[in-house]
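All remarks here apply to the structure that follows.
What follows draws every value from the coordinates through simple rules; no lab data is involved. From a predicted model like this one, the values you see are computed outputs, not experimental measurements. Because the Cβ atoms are built from the backbone with ideal geometry, glycine has one as well, and the counts that use them run over all protein chains shown.
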Amino acid sequence: MVPIASLWLPILLSAAFVWIASAIVWTVLPHHKKDFSGVADEAAARKALGGLAPGQYNIPHVESMAEMKNPAVVAKFTEGPCAFVTVLPSRVPAMGKAMVGSFLFYLVVAGIIAYVTSRTVDPGTEYLRVFQVAGTVAWLAYGFGAIPDAIWFGRPWSSVWKLMGDALLYALLTGGTFGAFWPR
């Protein structure tokens, strides 16, 4: 078993590499540019949503599944639109705060990857085996959480596949970093 404290360098470096790769994926590469679309009449939509506090909303909204037996509620779903809406605070997006938050997320994920890998791979294990374990755990952590969003909340599958591809890139970086800096 490898002490987690001895993995501080691959934890920190993999988090930094993934943070940089994520910034490049979302700001430079073109594949996410069309993940979100505007609405036909943005001014009317903004006015209609203007009184909502930050939070998550659904349209139509039902308080319980028992309401789904009501023909008027069924008609709302049938006629549409059906939507899940996330309302953010009214302000210019705080990029610095989001970037720090994402780095902390990558750091926590790297710590969990270190834990799992340190409990399943011995010191001195060859690069490829460490790469396989750390990379697999990283891909699960970074990518597979998007699938339930498609199943339950209508996220387009095309967006999910792109996120899974991004996660594979992050997993390769993470696996490579852990493999390269694994205690001998």
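Tell me, Kirkwood radius of segment 90-132 from alpha-carbon pair distances, in Å?
12.7 Å
Among Met99, Gln56, Leu173, whose Cα sits farthest toward the positive end of the charge dipole of the chain (+1 at Cβ of Lys/Arg, -1 at Cβ of Asp/Glu, about the Cα centre)?
Met99
Kyte-Doolittle mean at least 1.6 and Cα extent at least 27 Å along the axis: which DSSP H helices of the chain qualify? Could the numbers behind the result be given before it?
Working: long enough: 8-27 (28 Å, 1.84); 95-120 (37 Å, 1.27); 157-180 (34 Å, 0.76).
Span-like helices, by this rule, are 8-27.
Please give the charge dipole size of the chain, origin at the Cα centre, charges +1 on K and R Cβ atoms and -1 on D and E Cβ atoms. Round to the nearest 20 debye. Working shown, then result.
Working: 13 positive and 10 negative charges, 48 e Å.
My answer is approximately 220 debye.
Given the C-alpha centroids of segment 64-81 and segment 1-56, what is the distance between them in whole angstrom?
33 Å
If R₀ is 30 angstrom, what is the calculated FRET efficiency for the pair Leu140 and Lys47, using the beta carbon separation as r and rounding to 0.05? Display every interim value, and only then the final one.
Working: r = 42 Å, r/R0 = 1.40.
That gives a FRET efficiency of 0.10.
Mind ranking 175-183, 147-155 by how tightly packed they are, going by the mean number of other C-beta atoms within 10 angstrom, highest first? Could the numbers behind the result be given before it?
Working: 175-183: 21.6, 147-155: 12.8.
Going from most to least packed, we get 175-183, 147-155.
Could you please report the charge total around Asp122, scoring K, R as +1 and D, E as -1 over all other residues with beta-carbon less than 15 angstrom from its beta-carbon?
Computed value for this residue: +2.
Order the peptides 12-22, 121-131, 28-38 from the highest to the lowest mean number of other Cβ atoms within 10 Å of their residues.
12-22, 121-131, 28-38
Would you work out the relative contact order for the chain, in percent, from Cα pairs under 8 angstrom that are 6 or more residues apart?
Averaging sequence separation for qualifying contacts and normalising by length gives 35 percent for the chain.
Considering all projection directions equally, how large on average is the shadow of the alpha-carbon convex hull of the chain, in square nanometres?
Reported value for the Cα convex hull: 13.8 nm².
Mind checking the full-extension length gain between Met99 and Arg119? Use 0.36 nm per residue of separation minus the Cα-Cα distance, one decimal, nm.
Full-extension gain reported as 4.2 nm.
Two decimals is fine: what's Rg over Rh for segment 94-184, C-alpha atoms, Kirkwood radius as Rh? It would help to have the intermediate numbers written out before the result.
Working: Rg = 14.8 Å, Rh = 14.1 Å.
We get a ratio of 1.05 for segment 94-184.
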